[in-house]
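The values are calculated or read from the model by the stated rules, or taken from the named source; none is laboratory data. Nothing here was measured: the structure is a model prediction, and the numbers come from that model. Note: ideal-geometry Cβ built from the backbone for every residue, glycine included; neighbour counts use all protein chains shown.
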There are 2 protein chains.
Amino acid sequence: MKKFKVKFYPDNKICEVEQGTTILASAISCGVYINSSCGGEGVCGRCKVILLKGNVISQPSGRITLEERAKNYYLACQTTVQSDLEVQIPPESRIDLEKLSKEELDLRLKGLYTKSEELSFSPSAKREKLFQHSPLATKIYLELPPPTLEDKISDLERLYRAIRKIQSVQIMQTGLANIRRLGGLLRSSEWKVTVTLGKRGGTTEIVLIEPGDTSQYNFGLAFDIGTTTISGQLINLRTKEILGTKIEHNMQAAFGPDVITRIIYAQEPDGLEKLHHAVIDVMNEIIQDLTQENGIDLNNVTCVLCAGNTTMIHLLLRVDPTYIRRQPYVPTANFVPTIRAAEAGIKINPRGLLSCVPGVSSYLGGDLTAGVLSCGIDAEKELCLLIDIGTNGEIVLGNKDFLIGCAASAGPAFEGSGVAYGMRAAKGAIQKVNIEPDDYTVKFSTILDARPRGICGSGYIDLIAEMLDKKIIDKSGKIQETKNKRLRKGEFGWEFVVAFKEETDIDRDIVITEIDIDNLKRAKAAIYAGASILVEHMNFNFWDIKKIFIAGGFGNYLDIDNAIKIGLLPDIERRKITFVGNSSLAGARSILLSYEAMEKAEEIARKITYFELSVDNKYMDEYMAALFFPHTDLNRFPSMKR
Amino acid sequence: MKKFKVKFYPDNKICEVEQGTTILASAISCGVYINSSCGGEGVCGRCKVILLKGNVISQPSGRITLEERAKNYYLACQTTVQSDLEVQIPPESRIDLEKLSKEELDLRLKGLYTKSEELSFSPSAKREKLFQHSPLATKIYLELPPPTLEDKISDLERLYRAIRKIQSVQIMQTGLANIRRLGGLLRSSEWKVTVTLGKRGGTTEIVLIEPGDTSQYNFGLAFDIGTTTISGQLINLRTKEILGTKIEHNMQAAFGPDVITRIIYAQEPDGLEKLHHAVIDVMNEIIQDLTQENGIDLNNVTCVLCAGNTTMIHLLLRVDPTYIRRQPYVPTANFVPTIRAAEAGIKINPRGLLSCVPGVSSYLGGDLTAGVLSCGIDAEKELCLLIDIGTNGEIVLGNKDFLIGCAASAGPAFEGSGVAYGMRAAKGAIQKVNIEPDDYTVKFSTILDARPRGICGSGYIDLIAEMLDKKIIDKSGKIQETKNKRLRKGEFGWEFVVAFKEETDIDRDIVITEIDIDNLKRAKAAIYAGASILVEHMNFNFWDIKKIFIAGGFGNYLDIDNAIKIGLLPDIERRKITFVGNSSLAGARSILLSYEAMEKAEEIARKITYFELSVDNKYMDEYMAALFFPHTDLNRFPSMKR
């Protein structure tokens, strides 16, 4: 088989591949990440590249416009290498895997409670304080009495006895590696050692034994493994202090934008391996960065606690996720045992532990369990609703007496996928929009005030609300044809220009198309209908709810009024609605710091009844009724009616 | 550094070593095993070799006679390589590491209860029956209900639920490797699987998951890791059937004959590693042989249970034994956690378990715990005594109310070390002796009726009893000078010829010297005094004892009368004394087959009070008084008085 070189711009990366390899696969092989929403099926049209040089064979695709074809655009997944190539990746097809800048980071961290003072006001902080401080891994300094002829129990029993004087430990475990070092270590340290005790499913393990008093050097990380972004927080396990937080893109995005496409990709040769490494690499990078910034030795990082959806946790542990998407949608495990982090490839102390927040089902993961814990819903007397708008929409209704949850396949539109100019809440994303009523002039603000590159979730919410308000679209989302220069018929039907080419950073107009509006409408309808079905199923209505928590990666901005206006959120008193940011990460942190919180999380995961929307007869009706802005039944949105 | 080749005869093995390496080290490096009792200190004089060719530098040694010097004898440990060499290892210096023949094996197995019928009469068999059948690893066949939309708990929880329907399991553990395979395995096997459940310190681990019903293929091995010999027994864990037994030399003997010399050797560079591999290699060979003979796949061997003295268990696990021989004689662990056998290098199913019988102290190991369990002493109403005569003399006195034990440093004389022509109970060993009263003609029988190569423990006991009886030696062991041709003065003082050169297989007379008699006297005195002190300490005397169990590797023959005659055993009714053979192996088997027995063993190990003879004032007096045949105080031996 002939081999050819493919060079990618602007990355300047070169790979060598066999003739017939797709450009998408070539790019992945040398670490160039191209957007791809359909797992290489040629359907989503997001992996457009520009061929600068060389010969290819390409399947025809309706996703490439005539204009684009003239400019040598191709779909990377439908185009195979037939000679040495040079390929340009246009900005809209790039997955921006560059590190977030300091400013972006600060921006994103709002709602993540970086400082202790801020912490004390959040719902998660209130909850966290209720749990006993007993981290996943604890360091205890011990001064053992040396053996004498009268007291000559073995070294290991001596250690156990000393630990049990301080803590009540039922079942104690120690690995051979620690036993092998024990005799010499105890004596060379003059019987003064620090043991790290880890919780492992009902037992206590001596994870580490170190000479001298190292009890003040004990650090751990809480992670939220999102489909789109991975957030990690470094914690001083002794003082509970948050030492830093990082957010990075989940590099798995290169293999598919959502869990379904990734599960499909996992079945490719080495697919599971690649997905596993993609998430682990990001986690290791976050760990590296945070520990270096804080001058912490990796050996003093003794544990990692992860919350993530069920597929993410499977991929993290390199467990085949295939059966998650096959009827009847059963994961391999919802409760994963605590393992050594090194077994999953995570680089902390080689004997350090990795634990995952238990999930409920294939589509209600540990991230939601952590969210419920963090918002304290399981302890509330009043009726609460948690809506986590991520790549999926996960919803839990309940209080201390019951918990019921569902997953609405909303799709990633609010995260910027599946919409023409969608992007994540990163630099250059249009996040806030106003439209002048007279000439439809668009006033927008972008993240970090950069030249616009696309539109993020909160931008789309504002945009639709404004377009509705200004009657640019009707209640069904159809664009009202007028002579305004911003309204025009494009290749995919009617579109509205949000920013003209001259204003943007991407050398083209940023528009919202009728197709985009339709996608967003379906996403919001799925979420609203899911919440509605849950509420109805339990014989309540939205006005019975006392607290709604909105979680998700909207950055620092979400206009709740607009979210209600488009019918994403139910029309209840605004003061009852709280935007809680990344509740999964907050919950993971609580669990990292308290085994009591882990037990509570297990209780929550067992308690949540999973409600399968796809087999509910009423869901489709409810969803169809929600396919209007805000809703077919305006009685549900009294404040809109006025 | 120059390198030279050393060739060893009769092995015909060649090694290349650096100039200045000792011949002993050279031999070990190419797998030639030479006797060595002092760990290479030049003291024991047992590593004599004959230099055939080449130059050496040798330290002068009183251990080489003038005659030997003329024949080019050297101490291998005191002689360094200075050119290419050819070296002959004389029979008396060889450690016979050849495999035991079938006949030898059959011989040795008497007392090991190979057949079920024989089993039912032994004390260990009676005990074994009392324990619930619950092996260290159990296989359970499960037919799981496939998941449906109504019953969609995860695969792992489904498995747990099915197991818990059959067994009550508090804490269940599963490793990542099994979780990774689980989803595919359950489906490809159509939800019919066999799980292997292992006991791991208070928790239950899913060790294996196999497709289909493999519950009838579950095997384990019980091992007695002796300082001198290693015995292994292959057991069908489901039927309890003993499928075979093997006894092999502990190859560690090449590094020293007893635990002390091996502990010293462990401090050499790579010493611990070599000792570890020596024991593991023998165990793996036994496992290989037994499984092959029975046509059993190694993957169906799921667990191994070992009893051994504390040093042997440390070396087995590659745990530094240094502190066992340093005051106050504390081991790293008496209770070792169950580990994966592969962690110690034992080749069974890669996920199979290795468990060790808990020990009491540095010098009272798990072999004694197993012995007490097997003899059922801990359940007896009546006062019992267990004397295990191995390389050390280990003694336990007690019943269901109390247990007290001690270790008498008897030395390995009864195992054939430290005596001029001593050997283990193997082919050609003089095991039974009669001396004619008139001309001192020696009638002896050897193991397998081969030409004699040396004298084993039971032979020495008979020999001394007969020499006493025929007044060849007096009560202090001094040879009575007469003109008989068998009595003569040799290089090391007076000696008695047991077999003349012409009768033997080793081209020299086999003699017993006054030094040998002294060594044997000190060994028997140590054991008797130990037992005596224990009995006295508890305010009993020997006549209060209702059962004495004698354990040890005496083969199939031990003349109890003669053992009393020389003062090794107390003078009580003969019917109260039972020779139980390898009680350590029998106990290990019980524990392998029953977790209840393991819990009992843990109870026994905790219950036995260790009595330190070396710090007891009376012990030295008692020992001195026992340095006569049978004893200074003949009132203690009334049947001898008559």
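Summary table
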{"quantity": "Helices (runs of 4 or more DSSP H) completely within segment A:4-109 that count 1 or more residues being modelled with pLDDT of 75 or more, closer than 30 Å to A:Asn519 by Cα and out of contact with any Phe, Trp or Tyr (no Cβ under 7 Å at 6 or more places or on another chain)", "calculated": "A:23-29, A:66-70"}
{"quantity": "A:Ser584 assigned to a helix (DSSP H, G or I), modelled with pLDDT under 95 and outside the structural domain of A:Glu466 (by TED's automatic domain parsing)", "calculated": "yes"}
{"quantity": "Residues of segment B:181-190 satisfying the condition of being crowded, with 19+ Cβ neighbours inside 10 Å and either touching a Ser or Thr at 6+ places or on another chain (Cβ under 7 Å) or more than 11 Å from chain A (Cβ to nearest Cβ) (or both)", "calculated": "B:Leu182, B:Gly183"}
{"quantity": "A:Val357, sole failed condition from (1) under 30 Å from A:Arg127 (Cα atoms); (2) within 11 Å of chain B (Cβ to nearest Cβ); (3) of a type in the set (Val, Ile, Thr)", "calculated": "(2)"}
{"quantity": "Condition broken by A:Asp561, with the remaining ones in (1) within 30 Å of A:Pro452 (Cβ to Cβ); (2) in the same structural domain as A:Pro630 (by TED's automatic domain parsing); (3) in a helix (DSSP H, G or I); (4) in contact with a strand residue (DSSP E or B) (Cβ under 9 Å, 6 or more places away or on another chain) satisfied", "calculated": "(4)"}
{"quantity": "Residues of segment B:129-162 classified as more than 20 Å from B:Gly175 (Cα to Cα), of a type in the set (S, T, N, Q) and in contact with a Ser or Thr (Cβ under 9 Å, 6 or more places away or on another chain), total", "calculated": "2"}
{"quantity": "Within segment A:318-327, tally of residues that are in contact with an Asp or Glu (Cβ under 8 Å, 6 or more places away or on another chain) and either part of a helix (DSSP H, G or I) or not basic (Lys, Arg) (or both)", "calculated": "1"}
{"quantity": "Positions within segment A:324-333 being over 21 Å from A:His277 (Cα atoms) and either surrounded by 20 or more Cβ atoms within 10 Å (Cβ to Cβ) or within 7 Å of chain B (Cβ to nearest Cβ) (or both), in sequence order", "calculated": "A:Pro328, A:Tyr329, A:Val330"}
{"quantity": "B:Ile566 being buried (at least 23 other Cβ atoms within 10 Å of the Cβ), among the β-branched types (Val, Ile, Thr) and in contact with a strand residue (DSSP E or B) (Cβ under 7 Å, 6 or more places away or on another chain)", "calculated": "no"}
{"quantity": "Residue identified as out of contact with any Lys or Arg (no Cβ under 7 Å at 6 or more places or on another chain) and among the aromatic types (Phe, Trp, Tyr) among B:Phe444, B:Phe492", "calculated": "B:Phe492"}
{"quantity": "Residue in segment A:505-515 that is farther than 23 Å from A:Asn434 by Cβ, modelled with pLDDT of 95 or more and among the acidic types (Asp, Glu) present", "calculated": "no"}
{"quantity": "Single residue of segment B:164-180 satisfying the filter (in contact (Cβ under 8 Å) with a residue 12 or more places away in the chain and surrounded by fewer than 18 Cβ atoms within 10 Å (Cβ to Cβ)) that is farthest from the other protein chains (Cβ to nearest Cβ)", "calculated": "B:Ile166"}
{"quantity": "Failed criterion for B:Arg340 (all others in (1) under 28 Å from B:Met538 (Cβ atoms); (2) touching a residue at least 12 places away in the same chain (Cβ under 8 Å); (3) within 14 Å of chain A (Cβ to nearest Cβ); (4) in contact with a Lys or Arg (Cβ under 7 Å, 6 or more places away or on another chain) hold)", "calculated": "(1)"}
{"quantity": "Cross-chain or 6+ apart pairs with Cβ under 7 Å, segment A:141-153 first and more than 8 Å from chain B (Cβ to nearest Cβ), then small (Gly, Ala, Ser)", "calculated": "A:Tyr141/A:Ser215; A:Leu142/A:Ala162; A:Leu144/A:Ala162"}
{"quantity": "Subset of segment A:597-610 (residues that are within 12 Å of chain B (Cβ to nearest Cβ) and touching a helix residue (DSSP H, G or I) at 6+ places or on another chain (Cβ under 8 Å))", "calculated": "A:Ala605"}
{"quantity": "Selection from segment B:218-267 of residues that are in contact with a Lys or Arg (Cβ under 9 Å, 6 or more places away or on another chain), among the small types (Gly, Ala, Ser) and part of a loop (DSSP other than H, G, I, E, B)", "calculated": "B:Gly256"}
{"quantity": "Out of B:Ile430, B:Ile348, sole residue that is at pLDDT 90 or above and either more than 21 Å from the chain's Cα centre (by Cα) or part of a helix (DSSP H, G or I) (or both)", "calculated": "B:Ile348"}
{"quantity": "Lone qualifier among B:Ile242, B:Ile230, B:Ile166, B:Ile179 - being of a type outside the set (Lys, Arg) and modelled with pLDDT of 95 or more", "calculated": "B:Ile179"}
{"quantity": "Residue in segment B:449-458 that is buried (at least 23 other Cβ atoms within 10 Å of the Cβ) and without any contact (Cβ under 8 Å) to a residue 60 or more places away in the chain present", "calculated": "yes"}
{"quantity": "Matching residues, segment A:297-323, being over 17 Å from the mean Cα position of the chain (by Cα), crowded, with 24+ Cβ neighbours inside 10 Å and among the hydrophobic types (A, V, I, L, M, F, W, C)", "calculated": "A:Val301, A:Cys303, A:Val319"}
{"quantity": "Only one of A:Ile464, A:Ile472 that is under 26 Å from A:Ile389 (Cα atoms) and either exposed (fewer than 14 other Cβ atoms within 10 Å of the Cβ) or among the aliphatic types (A, V, I, L, M) (or both)", "calculated": "A:Ile464"}
{"quantity": "Residue that is within 30 Å of B:Lys48 (Cα to Cα), at pLDDT 95 or above and more than 14 Å from chain A (Cβ to nearest Cβ), where the choices are B:Val259, B:Val195, B:Val279", "calculated": "B:Val279"}
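So that you can scan it fast, the table gives a plain yes or no per residue for (1) over 21 Å from the mean Cα position of the chain (by Cα); (2) touching a residue at least 40 places away in the same chain (Cβ under 8 Å):
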{"site": "A:Ile510", "(1), (2)": "yes, yes"}
{"site": "A:Ile527", "(1), (2)": "no, yes"}
{"site": "A:Ala531", "(1), (2)": "no, yes"}
{"site": "A:Asn539", "(1), (2)": "yes, no"}
{"site": "A:Ile566", "(1), (2)": "yes, yes"}
{"site": "A:Ile577", "(1), (2)": "yes, no"}
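Yes or no, residue by residue, for (1) farther than 30 Å from A:Asn299 by Cβ; (2) outside the structural domain of A:Thr609 (by TED's automatic domain parsing); (3) touching a Cys at 6+ places or on another chain (Cβ under 8 Å):
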residue	(1), (2), (3)
A:Pro328	yes, yes, no
A:Asn334	yes, yes, no
A:Leu354	no, yes, yes
A:Ala370	no, yes, no
A:Cys384	yes, no, yes
A:Glu394	yes, no, yes
A:Asn399	yes, no, yes
A:Gly405	yes, no, no
A:Arg424	yes, yes, yes
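Yes/no matrix, rows are residues, columns are (1) assigned to a strand (DSSP E or B); (2) closer than 27 Å to A:Ser124 by Cα; (3) touching a Gly at 6+ places or on another chain (Cβ under 6 Å):
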{"residue": "A:Asp507", "(1), (2), (3)": "no, no, no"}
{"residue": "A:Ile512", "(1), (2), (3)": "yes, no, no"}
{"residue": "A:Leu520", "(1), (2), (3)": "no, no, no"}
{"residue": "A:Phe549", "(1), (2), (3)": "yes, yes, no"}
{"residue": "A:Asp571", "(1), (2), (3)": "no, yes, no"}
{"residue": "A:Ser590", "(1), (2), (3)": "no, yes, no"}
{"residue": "A:Glu596", "(1), (2), (3)": "no, yes, no"}
{"residue": "A:Ala601", "(1), (2), (3)": "no, yes, no"}
{"residue": "A:Arg606", "(1), (2), (3)": "no, yes, no"}
